[in-house]
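Here's the structure, in structure tokens; my notes come after.
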Amino acid sequence: MTSSSPTHPAPLERFQAVLSGISEVKEGTIDDLVDALTHLDTAGEATGDAADATAALRMLGERPGVVLRLDGQVRWATTPAPVYDRPVALAFACSDSDGRVRERAVRRILDRPSPELMPFLVLRTGDWVRQVRERARAGLTDLLSRDPARFVPAAAPTALLADRRRRGDFARRQVLAALLSAPGAALLDGLLASPLREQRRFALEVAGATGGLPLRTLVSLAEGDTDVRIRARAAEAAAREAVWTDRADLLRRLAAARHREVRATALTGLIRTGHPDEATAALDDPAGLVRAVARDAARRTGTDVLAHYRAAVSAAASAPQPPTGAVPTGTVPTGAVPTGAVDGLAETGSAADAPLLLPLLDHPQAPVRAHALHALRAFGAAPADRVIPLLRDPSGKVIRQAVTALRPHTAELPPGLAAALLTDSRAVVRRAGHRLLSEPDPVARLRTLLSLAADPDPRLSARVASDITALAHGLHPRPGRPGHGRGVAPLDTTAEQRADLLTLTDAATAALPHRTRQLLYEGLDPTSWTAELLRARHGSHPDTVNPLLELRATYTSQDPWATAELIRDVLRTVLEHAAAPAGEWPAEDKWPTLLPEWFVQRCAPEPPPPPERTDPATWLARWRGLTQRQRQAEAISAATADWRLTAWLDLFDPDGLADSRSWRFWDSGTTTATTGWVRVGVDGHPYGGRGALLWLIEAAGGYDIDLP
């Protein structure tokens, strides 16, 4: 029996995997890429073959956004002394934080220039150190002029992207100069075949200035490029040449292209070459821009555009239609209405044409129904009784058009319509119900939205959460705050409504952002365990005001920020359990493993339990017999005395002494390098639990504590 050793990917394969997973714009480190490149360089040194490292740099040059991110990452990384005889190490040296190292790296690249190092030389042409910048600029200019076929393709991607940087336009101008002076169109053809959109746009811009692209290339770009700007510019150039040379056949080919911007340009060319009748044939085109050009051609030929659209829609609407689903996919049924004709009627007709469109609301083809709805809405003539059934249409596009048509008339809709839609099994129908909600009472609307917050459809859940956030601001009226009047109605709630809304908020916890939950809890019950827990976790909400009497404890500490974080750490742990369902408060022997170890160690040792505490019933009867002053006397201790852990926790136990702790954590922070503060809200003065707060600050490292 043989055992196989684990296999590891080759250094180049590892680099390719890391490079493919890196975003060019997303924030974050690219340490894995640095490690993979370093590994490649080291492996190449060991074998004496730098081919893999060179190939990796060539692949990296095709991702200019990653090159720019790598430049910033390596600059501040702790790297060994630069090595100038290995390709990756030389590239890293070009990005070193030491200007003298960068200058030596530029000299080395220029001594032995290679295409894979051009991106790093390009970056140094915008260096903030004059000596580095001038040497890199002189070298890049020389290389591009001497051998443009070799160095322009390698320098162009990074040069075009670095143009956005300060002092980054030099490299782009030099690439442009090299292309303008290079003989033939081979360089331009190479750039036009690049997968990088910016590179293809640049090449087309150069070609437009030099006239260096043949007509067949322009047509190919217009018909097949993935970038709309390139298609539009190529179509314009091709159509202009076709008009000059009277190539109507070429214009007809472009007029049949898939992309609307190309068709519109070709139709304009047909009009200019004296073929407006052919352009008129596009009156029913699905693109509005193309229809507009076709209508211009129709005016030149005397065609009645409105009559054309009315006839097309009327004839198709009156023709017998097959039942929905009877038409095979990809075929056009007899009497099918071109959606462009419906849109054209909407663009040129009036409300008087609405009767022609109404029969199309029952058309078996969903696009026709949707476009007919859109046209009726444009006329302001969409009858609610015909539109309401379409809220459950099989097509989501039709449903969305129906909702848009009905939203201005939500007050006139049948009662319960939105609620019925919200119970549908289809997410698109539930989204329609949400958009048609017209509950005028903001409290009732908030209640409905909270019940929707946990909807399984993420789009609906996100929209509902946004609406809840807007309504929750109404729980915090702040008349004196600039910008508060953003159309948010104040929410006046009764005790019963607040309890109901809190229950719904608890049920929707997982679906609501923490800041939205905080707005709700702060407005409904700011003294609740959950509200206090959210403040301990995330700080106080900027749009809320402490409704309690606010007190501020100040303290001195060697590291006040760390002290504030330790205080919050303890409170987060305790309040998380206090806010849990009743009966889930941990046993006393569990707390030392739940709380931070430093806090447990700071607390005083536990004495044997007093006789009255051994019997809970006896202790509870005794506690209930004490006056308020006697309870406060037992609950408050001197700040200089260490608290026992169980005694401190009793002030947070919902079944213990929690009712005697009348302060609630609100926020914490620092004032200077040695002082910090803790803000709490209390229900009056004196307040219970003051000693527990003092002890928490002291245990976390605070001293010279000042707390009213």
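What number of residues within region 664-708 satisfy the criterion of being among the aromatic types (Phe, Trp, Tyr), open to solvent by less than 10 Å² (accessible area, probe 1.4 Å) and over 39 Å from the mean Cα position of the chain (by Cα)? Before the answer, list the steps.
Taking region 664-708 first, the residues among the aromatic types (Phe, Trp, Tyr) are 665-666, 677, 687, 695, 703.
Those left that are additionally open to solvent by less than 10 Å² (accessible area, probe 1.4 Å): 665-666, 687, 695.
Then drop every residue that is not over 39 Å from the mean Cα position of the chain (by Cα), which leaves 687, 695.
So the count comes out to 2.
Against the numbered list (1) over 21 Å from Ala315 (Cβ atoms); (2) without any contact (Cβ under 8 Å) to a residue 40 or more places away in the chain, His371 comes up short only at (1).
Would region 644-651 turn up any residue that is within 25 Å of Lys590 (Cα to Cα), in a loop (DSSP other than H, G, I, E, B) and either of a type in the set (A, V, I, L, M) or within 42 Å of the chain's Cα centre (by Cα) (or both)? So that I can check it myself, show each step before the final result.
First, pick out the residues of region 644-651 that are within 25 Å of Lys590 (Cα to Cα): 644-651.
Narrowing further to those that are in a loop (DSSP other than H, G, I, E, B): 651.
Next, from what is left, pick out any that are either of a type in the set (A, V, I, L, M) or within 42 Å of the chain's Cα centre (by Cα) (or both): 651.
Yes, because at least one residue in region 644-651 is within 25 Å of Lys590 (Cα to Cα), in a loop (DSSP other than H, G, I, E, B) and either of a type in the set (A, V, I, L, M) or within 42 Å of the chain's Cα centre (by Cα) (or both).
Condition first: closer than 30 Å to Ala462 by Cβ and open to solvent by 20 Å² or more (accessible area, probe 1.4 Å). Can you find one or more residues in region 590-608 that meet it? No, region 590-608 contains no residue that is closer than 30 Å to Ala462 by Cβ and open to solvent by 20 Å² or more (accessible area, probe 1.4 Å). Among the residues making up region 489-511, those that are within 14 Å of Ser528 (Cβ to Cβ) and either aliphatic (A, V, I, L, M) or open to solvent by 50 Å² or more (accessible area, probe 1.4 Å) (or both) are Ala495, Arg498, Ala499, Leu501, Leu502, Thr503, Asp506. Residue count for region 420-443 satisfying the condition of being over 19 Å from Ala382 (Cα atoms), modelled with pLDDT of 90 or more and of a type in the set (Gly, Ala, Ser): 3.
Each residue in region 591-611 was checked for being at pLDDT 90 or above and over 27 Å from Val678 (Cβ atoms), and 0 of them qualify.
Taking the stated definitions as given, is Leu143 open to solvent by less than 60 Å² (accessible area, probe 1.4 Å) and at negative phi? Give the derivation first.
Values: open to solvent by less than 60 Å² (accessible area, probe 1.4 Å): yes; at negative phi: yes.
It is true that Leu143 is open to solvent by less than 60 Å² (accessible area, probe 1.4 Å) and at negative phi.
Taking first residues from region 133-150 that are more than 10 Å from Leu110 (Cα to Cα) and partners that are open to solvent by less than 60 Å² (accessible area, probe 1.4 Å) and basic (Lys, Arg), the Cβ contacts under 8 Å between residues at least 6 apart in sequence or on separate chains come to Arg133/Arg124.
Residue check: is Leu283 closer than 23 Å to His371 by Cβ, touching a residue at least 40 places away in the same chain (Cβ under 8 Å) and either touching a helix residue (DSSP H, G or I) at 6+ places or on another chain (Cβ under 9 Å) or open to solvent by 30 Å² or more (accessible area, probe 1.4 Å) (or both)?
Spelling it out, Leu283 is indeed closer than 23 Å to His371 by Cβ, touching a residue at least 40 places away in the same chain (Cβ under 8 Å) and either touching a helix residue (DSSP H, G or I) at 6+ places or on another chain (Cβ under 9 Å) or open to solvent by 30 Å² or more (accessible area, probe 1.4 Å) (or both).
Here Phe170, Phe120 are screened, and the one residue that is farther than 20 Å from Ala93 by Cβ, touching a residue at least 24 places away in the same chain (Cβ under 8 Å) and not polar (S, T, N, Q) is Phe170. Per the conditions (1) assigned to a helix (DSSP H, G or I); (2) open to solvent by 50 Å² or more (accessible area, probe 1.4 Å); (3) modelled with pLDDT under 90, the sole criterion not satisfied by Gln73 is (2). Of the residues making up region 526-558, those that are more than 22 Å from Thr503 (Cβ to Cβ), open to solvent by less than 70 Å² (accessible area, probe 1.4 Å) and not in a helix (DSSP H, G or I) are Gly539, Ser540, Asp543, Asn546, Leu548, Leu551, Ala553, Thr554, Tyr555, Thr556, Ser557. Taking region 138-176 as the range and being closer than 16 Å to Pro115 by Cα, within 31 Å of the chain's Cα centre (by Cα) and small (Gly, Ala, Ser) as the test, the residues that pass are Ala156, Ala159.
Listed here are the residues, each with its yes/no results for (1) assigned to a helix (DSSP H, G or I); (2) farther than 20 Å from Asn546 by Cα; (3) at pLDDT 90 or above.
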{"residue": "Asp467", "(1), (2), (3)": "yes, yes, yes"}
{"residue": "Gly474", "(1), (2), (3)": "yes, no, no"}
{"residue": "Gly483", "(1), (2), (3)": "no, no, no"}
{"residue": "Leu491", "(1), (2), (3)": "no, no, no"}
{"residue": "Leu502", "(1), (2), (3)": "yes, no, yes"}
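Taking the residues in region 152-169 that are open to solvent by 10 Å² or more (accessible area, probe 1.4 Å), touching a helix residue (DSSP H, G or I) at 6+ places or on another chain (Cβ under 6 Å) and in a helix (DSSP H, G or I) as candidates, determine which candidate is farthest from Gly139 (Cα to Cα). Only one residue tops the list, namely Leu161.
Exactly one residue among Ala248, Ala242, Ala264 is buried (at least 22 other Cβ atoms within 10 Å of the Cβ) and at pLDDT below 95, and that residue is Ala242. Exactly one residue out of Val175, Val101, Val106, Val129 is open to solvent by 30 Å² or more (accessible area, probe 1.4 Å) and β-branched (Val, Ile, Thr): that is Val129.
The values are calculated or read from the model by the stated rules, or taken from the named source; none is laboratory data. Worth saying up front: this structure is predicted, and the values here are computed from it rather than measured. Ideal geometry is used to build each Cβ from the backbone, glycine not excepted, and the neighbour counts take in all protein chains shown. The accessibility values were calculated without ligands, DNA or RNA, using every heavy atom of the protein model including side chains. Shrake-Rupley method; radii C 1.70, N 1.55, O 1.52, S 1.80 Å.
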